[in-house]
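A.B. asks: Here it is, the structure, as structure tokens.
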Amino acid sequence: MSAKGKTRWFPRHVHPVRNGQYECLVMLTSSAPNFLWTLEWDGTGFLVPCPMVVKHWRGLTKAAARKQGANHD
């Protein structure tokens, strides 16, 4: 997966500044490999569809977010 237009990975204790969707590296169980999952940050926490642990997350860079916003208008 390309990292172009995305921020570096942040550990889960560092919270996103803006609400929105983030690419997350999650653990479902200790015996399964980590998965990439797109989750919503609501300003308080990541909204998860099932029990999981968010290990790391990353979002769009400012330039990529501006470009994506322009494409959705």
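The values are calculated or read from the model by the stated rules, or taken from the named source; none is laboratory data. Since the model is a prediction, treat every value here as computed from it, not as a measurement. These accessible areas exclude ligands, DNA and RNA; they are computed on the full protein's heavy atoms, side chains included. Shrake-Rupley method; radii C 1.70, N 1.55, O 1.52, S 1.80 Å.
A.B. asks: On full extension of the chain, what length is gained from residue 47 through residue 4, given 0.36 nm per residue of separation minus the C-alpha to C-alpha distance? Don't skip to the end; give the middle numbers.
C.D. replies: Details: separation 43, 0.36 × 43 = 15.48 nm, distance 2.49 nm.
Roughly 13.0 nm would be gained on extension.
A.B. asks: What residues have an amide H closer than 5 Å to that of residue 56, excluding those fewer than 5 places away on the same chain, when H is modeled at 1.01 Å from N in the peptide plane?
C.D. replies: Sorted by chain and number, the residues that satisfy this are 25.
A.B. asks: Before anything else, pin down the relative contact order of the chain: Cα pairs under 8 Å, at least 6 apart, normalised by residue count, whole percent.
C.D. replies: Working: 105 pairs, mean separation 28.3, N = 73.
Taking the mean separation of contacting Cα pairs over the length of the chain, I get 39 percent.
A.B. asks: To the nearest 10 degrees, how steep is helix 62-71 against the longest Cα principal axis of the chain, on a 0 to 90 scale?
C.D. replies: Once rounded, the angle reads 70 degrees.
A.B. asks: From the phi angles alone, apply the Karplus equation (6.51, -1.76, 1.60; θ = phi - 60°) to the range 32-39 and give each ³J(HN,Hα) in whole Hz, x where the residue is Gly or Pro.
C.D. replies: Working through the residues one at a time gives 9, x, 5, 10, 8, 9, 8, 10 Hz.
A.B. asks: Over the residues of the chain, compute the C-alpha Rg and express it relative to 2.2 N^0.38 Å. The partial results should precede the final answer.
C.D. replies: Values: Rg = 12.9 Å, N = 73, 2.2 N^0.38 = 11.2 Å.
Expressed relative to 2.2 N^0.38 Å, the Cα Rg reads 1.15.
A.B. asks: Here's a follow-up. Long-range amide H contacts for residue 21: which residues qualify at under 5 Å (H placed 1.01 Å from N, peptide plane, sequence gap of 5 or more or a different chain)?
C.D. replies: Amide H to amide H, under 5 Å and 5 or more residues apart or across chains, residue 21 pairs with 41.
A.B. asks: Per residue, what accessible area does the chain have, given a 1.4 Å probe and all protein chains present, in Å²? Could you put the intermediate results ahead of the total?
C.D. replies: Details: 5330 Å² over 73 residues.
That works out to 73 Å² for each residue.
A.B. asks: Explain nothing, just compute: Karplus ³J(HN,Hα) = 6.51 cos²θ - 1.76 cosθ + 1.60, θ = phi - 60°, for every residue of the range 20-31 in order, whole Hz, x for Gly and Pro.
C.D. replies: x, 8, 9, 7, 10, 9, 10, 10, 8, 9, 5, 8
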